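> Here's a structure for you.
The values are calculated or read from the model by the stated rules, or taken from the named source; none is laboratory data. This one's a predicted model, so the numbers in the text were calculated from it and none came from an experiment. Every residue, glycine as well, gets a Cβ built from its backbone with ideal geometry; the counts of neighbours run over all protein chains shown.
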Amino acid sequence: MVGAGKRLIRIVLVVMFLAGSCVDPYRPPEISAPNKFLVVDGFLNGLGTSTIRLSRTQNLTESKKPPIETRAIVQVEDEKGNGQTFVDKGDGSYTLDNGNLQIGQNYRLTIRTAAGRSYRSDFVTIKRTPKIDEVSWKALEDGVQFYVSTHDETNSTRYYRWEFEETWEYYSAYYSQFKYQKTQFLYREDNINHCWRTEKSSSVAVATSNKLTEDVISRFPLTFVSGSASNRLKVRYSILVKQYALTAEAFDYWQNLKRNTEMLGSLFDPQPYQVTGNIHSVTDPTEPVVGYLSSHSMDEKRVFIDASELPPWRIPNGYEACDADTYLLMPPPTEVSAIAMGEAGFIPIDAVLNSIGNVHGYRMASSACVDCRVVGTNVKPSFW
């Protein structure tokens, strides 16, 4: 997210209308300005480990990952001034294990960066999150729709937010029996054909029961998983849903963020505006800070779907474009050798024998087609 002060950045795209005329791209100064505002992501956990992630904003033209903020001092303090310091993990994340933060009590976060700049959140009250009643799903025409249901018998929650993690099992296009190492083709000990991949949700999912007589959320549509756009449902799929109780102020923040990031695109959609959080710069009160500090406990629930439970969809495996070719150890002068392909990063799949049973080449393909670890891990998750 790129901000500029506390005003809304409106980018006007100018299109030249004369055919054949010179077009000079318009680049507003906000796009190229060195905006490096602090981003604070995380929450205070009333019944477990609290994790705060610090990074910096970057311009829209930058393709690298946002820079992380390391060597900061992150603390939480109560209204009496008693403080606890988070542990710096060195990767932009800061954790507080067993902080004994009390449900119903008020706390705030303080941050001092390595550059000496100070930031502080408003005081926030830790809320108790109700249990998730159910994570359900329904197979639709071309995919699976997931729902989440919950309730609070005390009618004191009213505002909810959810995040989720998707994990799915998959196989690469080819099973590799060999590996190439220093001009040699050796038998492979590990399996790089069978993997798992995990992705975290990037959308904002919030709901409220504030206008209902009872604090009940029934079958809230959490996410849709397509049966044709990816290989998620090809073998076995799992979704871990995390539920958080929000205050009315936190709900407004996330709802406005959702409108700004997901509901734009036509003249009839809500217009973008500055989303203001509850974290402020002490060093420079005019400096924007991105993020909102919430405080609550967390509940989570995981469900699995096997491919056998779904309709007979033609789910892609993700490797439809892959192809393997045979490369000889001693090829004719006009052909490329197996060793040259190994040096180029291609992975041997299996051996090719000549008429008398000796290996004279290997069937090979690119790593993207053979090594499933390119996009995942071959280490089986503990919950699988």
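> Please go through the range 202-251 and give me each residue that is among the polar types (S, T, N, Q), in contact (Cβ under 8 Å) with a residue 12 or more places away in the chain and within 28 Å of Val375 (Cβ to Cβ), ordered by number.
Listed by number, the residues that qualify are Ser203, Thr223, Ser226, Ser228, Ser230, Asn231, Ser238.
> Something else about it: Taking Ala114 as meeting all but one of (1) more than 30 Å from Ser209 (Cα to Cα); (2) within 24 Å of the chain's Cα centre (by Cα), write down the number of the exception.
(2)
> Considering each residue of the range 263-307, count those that are of a type in the set (Ser, Thr, Tyr) and modelled with pLDDT under 80, and give that number.
Summing the residues that are of a type in the set (Ser, Thr, Tyr) and modelled with pLDDT under 80 in the range 263-307 gives 2.
> So Arg120 passes all but one of these: (1) crowded, with 21+ Cβ neighbours inside 10 Å; (2) part of a strand (DSSP E or B). Which condition number does it fail?
(1)
> List the strands (runs of 3 or more DSSP E) that sit entirely inside the range 190-264 and contain at least 2 residues that are β-branched (Val, Ile, Thr) and outside the structural domain of Tyr180 (by TED's automatic domain parsing).
In the range 190-264, 205-208, 216-226, 236-245 are the strands (runs of 3 or more DSSP E) which contain 2 or more residues that are β-branched (Val, Ile, Thr) and outside the structural domain of Tyr180 (by TED's automatic domain parsing).
> Would you check if Ser337 is over 36 Å from the mean Cα position of the chain (by Cα) and at pLDDT 95 or above?
yes
> If you don't mind, another one. Any residue at all in the range 342-360 that's in a helix (DSSP H, G or I), surrounded by fewer than 17 Cβ atoms within 10 Å (Cβ to Cβ) and of a type in the set (Ser, Thr, Tyr)?
no
> Assuming Tyr292 fulfils every condition listed in (1) more than 21 Å from the chain's Cα centre (by Cα); (2) assigned to a loop (DSSP other than H, G, I, E, B) apart from one, which condition is it?
(1)
> What's the number of the condition Leu109 fails, among (1) part of a loop (DSSP other than H, G, I, E, B); (2) touching a residue at least 12 places away in the same chain (Cβ under 8 Å)?
(1)
> Here's a follow-up. On the basis of being crowded, with 20+ Cβ neighbours inside 10 Å and among the basic types (Lys, Arg), does Lys131 make the cut?
Judged against the criteria, Lys131 is not a match.
> Which condition from (1) out of contact with any His (no Cβ under 9 Å at 6 or more places or on another chain); (2) of a type outside the set (Phe, Trp, Tyr); (3) not assigned by TED's automatic domain parsing to the domain that holds Phe251 is the one that Leu329 breaks?
With (1) out of contact with any His (no Cβ under 9 Å at 6 or more places or on another chain); (2) of a type outside the set (Phe, Trp, Tyr); (3) not assigned by TED's automatic domain parsing to the domain that holds Phe251 applied to Leu329, the lone miss is (1).
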